[in-house]
Amino acid sequence: MSKILKVVGASWLQTKISSYILAFLGILAILALFFGQFERIQGDGNYAATVFYSDKTGYRIEYWGESNELKDIARGVARAYFRGDIETNGWSLLEVETDGSYPDEIQAYAAGIVEGALTWYLIHMHLENTIRAKCEDQPLEKNCDKLRDALDKSANIWKYYADERAPVDPFWHHVSLYYTQIRGIYTGWKYGIEKSMLEYETDISDLYWLNAVGEVEEIQHKLNISMEDSVFEELPSLSSSFVKVVNESEDGSIKRLFVAQDSAGSYSSMTRIMKRYKLNYHVTSRDSTPAPGSDVEFTGYPGSVTSQDEFYVIKGDNHRLAVTGTPLKIYNNKLWKNVNITEQVPIGPRITAANHLSSNVSTWGHTIARSNSGTACKQWLVVDFNKMKNVSDRHSEKNTITETMLDDDTKHTVVHRAGTGRAKGLIWLIEQVPARTHSADISEAFLEKTYWATYGLPFFVDIANVTHTTKMEELFGTIFSETSSPRAIIFQNGYKNATTLESVIKLMRTNNITAYNETRNKINCNDDNNCILKESEHWNILGLRGDLFEKHKEAYGIIDTKVVTADSKDSLDFVAISSPQFTETKTENATKINKGNLASTYTDQFDDVPVINGLEIRDLIKQQQEEAERETLELLNKDAVKPFQWSKSEFKDDAHEGLPDIWNFGIYRPNWSW
């Protein structure tokens, strides 16, 4: 018995000691977890990495994690940092810088590697929400394969073609760098997935598609396939651009200049990222002269080296440009034969070349006109901020140059009209469709009007005619009129009040959904296609929200607004909003009722009551006050537009992996480091 007690006692003592040890270890574990979490909380959210290169070892990437002094991050061939703030402000942020002492090809590939390695998960999410949601195990899968094959073939042709000509031709050198950077993103993307220990499919064809999103509409017509089934397909583009001059002084100089854009897109595509590329390339691979446009900022998407929205701010040693593009629709089926991405260069490489090689609006327009593939048809506005101080009284001779080229029975016509007068070179308008590019210096007309707007309707008569936009106007009315369409009228009525950043944003995000729903009920129409065109006059507005329509609903509409502001002090302010349009709902605190006036409304009621005490009077006044406040709130919020919310919408089952639930973000201003 004593032995048993002894054993039991010993076991109890050991157990007691073990309990103390476990408790102590548990406290240490909790403290470690706490301090580890504290360190993570203290992280600044900037994830940095550097790609190094040597002839012996090739490319090597080093991750630096968070909370670094970004200016001290090792430069290597390419360095970058990434912020994933989409849940807090609607945008992620990526800045990439390369070392110009390395050959351009190595810079481009390293820039791609570091971007792909830092943003691999965003690329995955964006693919899942867009291309893969549309194509994998879906009725469109065969059409998707045809499109992939066409994009792969085009990329392979132009990569090798450009490589051969890169040493002597600046255009082809930068076309080559475009494809090299995409291949680098593919390498970094794969590496990021491998490092994460997760299993995701990677295919460079996906990257070619992400970089050609703006061209799919024209390519599908060329291939005689259908990739889109949108109620908006027959309508003018829903995107808009707006340029406004404010406070032109007596000496002719401009005090402030705004360049703004709304972009339309699917809500599933709202994996947005703001990028800044500081790529220190050279004019050619054999030329030590730096390329003019070394610093390019733009709003874009994961995996794409161009904006796709087509909104850029380009800076060099001696120039500052803003570029904004608005899609043009083609209603002339004969033009599709002029679309060719294997014999003419797609839009992405041409934009890259124009951004890097151009130091003014004219050279940008000439570069984009070269080897026109007929894809991503656009109205481009190109603004030179450096001309704000150089507006003069000097008049120059008007100069029109028309070039005609013949490639495989396709005639390509390019019309350039140089400016005249005191504002020459301030702003160019370029309109490009299959086989035709028309550009002109519109500086004088712009200063006279004090604004210019584009909204998917051609300004140049030859472009309007060749696209059959004029015929659409004859058939369906002012919705296709460059001067009288609903958005043209909105800009004509609203430009005078657009004198501050806030008022420009307010104009660009105009949306009166109540007026739309009231007027659409008056339209008696049975044919869906014609109904869309007839209704369009009532909802083809700025800040459009397709998810709010009573009929023809779609999770599609304006998904962002961007504004760059320049002033006479040479500063540039770039801001953006990532959200479908919404308005702030008025609350009770915003409605103040004059209580003194309320009391008199009860006089007649009191006259009919023989006896009424003070408490009853107080209750009646309080009731009437509450009713008045409710009525006031209803009136104030009559035209209020609630933020889009996936979980409360009819589109909650649409692909939106990794996207915020509610889109109520305000102005975001990137803070670049290099």
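One line per residue, one yes/no per condition, for (1) among the aliphatic types (A, V, I, L, M); (2) at pLDDT below 95; (3) out of contact with any strand residue (DSSP E or B) (no Cβ under 8 Å at 6 or more places or on another chain); (4) closer than 25 Å to Gly666 by Cβ:
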| residue | (1), (2), (3), (4) |
| --- | --- |
| Ala80 | yes, no, no, no |
| Asp99 | no, no, no, no |
| Gly112 | no, no, yes, no |
| Gly116 | no, no, yes, no |
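Restricting Thr375, Thr342 to those that are polar (S, T, N, Q), open to solvent by less than 10 Å² (accessible area, probe 1.4 Å) and over 26 Å from Lys244 (Cβ atoms) reduces the list to Thr375.
Scanning segment 100-115 turns up one or more residues that are closer than 22 Å to Ile368 by Cα and aliphatic (A, V, I, L, M).
Within segment 149-160, the residues that satisfy the criterion of being open to solvent by 40 Å² or more (accessible area, probe 1.4 Å) and in contact (Cβ under 8 Å) with a residue 12 or more places away in the chain are Lys153, Ile157.
Scanning segment 429-445 for residues that are over 25 Å from the mean Cα position of the chain (by Cα) and of a type in the set (A, V, I, L, M, F, W, C), we see that the one that is most open to solvent (accessible area, probe 1.4 Å) is Ala445.
Within segment 446-489, restricting attention to residues that are surrounded by fewer than 21 Cβ atoms within 10 Å (Cβ to Cβ) and aliphatic (A, V, I, L, M), which residue is nearest to Glu233 (Cα to Cα)? That would be Leu475. Residues satisfying the criterion are absent from segment 604-616 (criterion: under 30 Å from Val504 (Cα atoms), of a type outside the set (Ser, Thr, Tyr) and modelled with pLDDT of 70 or more).
Restricting attention to segment 338-358, which residues are assigned to a helix (DSSP H, G or I) and among the hydrophobic types (A, V, I, L, M, F, W, C)? Correct list: Ile347, Ile351, Ala353, Ala354, Leu357. Here Lys622 clears all of (1) modelled with pLDDT of 75 or more; (2) surrounded by 11 or more Cβ atoms within 10 Å (Cβ to Cβ); (3) not in a helix (DSSP H, G or I) except the condition numbered (3). Screening Gly494 on (1) open to solvent by 30 Å² or more (accessible area, probe 1.4 Å); (2) within 25 Å of the chain's Cα centre (by Cα); (3) modelled with pLDDT of 90 or more shows it passes everything except condition (1).
Among the residues of segment 183-218, those that are of a type in the set (Phe, Trp, Tyr) and over 24 Å from the mean Cα position of the chain (by Cα) comprise Tyr191, Tyr200. Residue pairs whose Cβ atoms lie under 9 Å apart, sitting 6 or more positions apart in sequence or on different chains, and linking a residue in segment 253-269 that is more than 18 Å from Phe582 (Cβ to Cβ) and open to solvent by 10 Å² or more (accessible area, probe 1.4 Å) to a partner that is part of a strand (DSSP E or B) and acidic (Asp, Glu), are Lys255/Glu248; Lys255/Asp567; Arg256/Asp567.
Do the conditions hold for Leu198, that is, is it free of Cβ contacts under 8 Å to residues at least 60 places away in the same chain and either open to solvent by 10 Å² or more (accessible area, probe 1.4 Å) or closer than 23 Å to Gly546 by Cβ (or both)? Criteria met by Leu198. Of all residues in segment 97-130, those being within 17 Å of Arg286 (Cα to Cα) and either hydrophobic (A, V, I, L, M, F, W, C) or assigned to a helix (DSSP H, G or I) (or both) number 5.
Taking each residue of segment 286-298 that is surrounded by fewer than 19 Cβ atoms within 10 Å (Cβ to Cβ) and looking for partners that are aliphatic (A, V, I, L, M) with beta-carbon atoms closer than 6 Å, six or more apart or interchain, yields Thr289/Val283. Looking across segment 68-81, the residues that are under 27 Å from the mean Cα position of the chain (by Cα) and either assigned to a loop (DSSP other than H, G, I, E, B) or buried (at least 23 other Cβ atoms within 10 Å of the Cβ) (or both) come down to Ala78, Arg79, Ala80, Tyr81. For segment 437-468, a residue qualifies if it is over 21 Å from Gln261 (Cβ atoms), out of contact with any Phe, Trp or Tyr (no Cβ under 8 Å at 6 or more places or on another chain), touching a residue at least 40 places away in the same chain (Cβ under 8 Å) and not β-branched (Val, Ile, Thr), and exactly one does: Asp462.
Restricting attention to segment 182-195 and to residues that are touching a helix residue (DSSP H, G or I) at 6+ places or on another chain (Cβ under 9 Å) and open to solvent by 80 Å² or more (accessible area, probe 1.4 Å), the residue that is farthest from Glu141 (Cα to Cα) turns out to be Lys195. For segment 178-218, a residue qualifies if it is polar (S, T, N, Q) and outside any helix (DSSP H, G or I), and the qualifying residues are Thr202, Asn211.
The values are calculated or read from the model by the stated rules, or taken from the named source; none is laboratory data. Please read these numbers as outputs of a predicted model, since none were measured by experiment. Using ideal geometry, Cβ is built from the backbone for each residue, glycine included, and neighbour counts are taken over all protein chains shown. Surface areas here come from the heavy atoms of the whole protein model, side chains and all, with no ligands, DNA or RNA. Shrake-Rupley method; radii C 1.70, N 1.55, O 1.52, S 1.80 Å.
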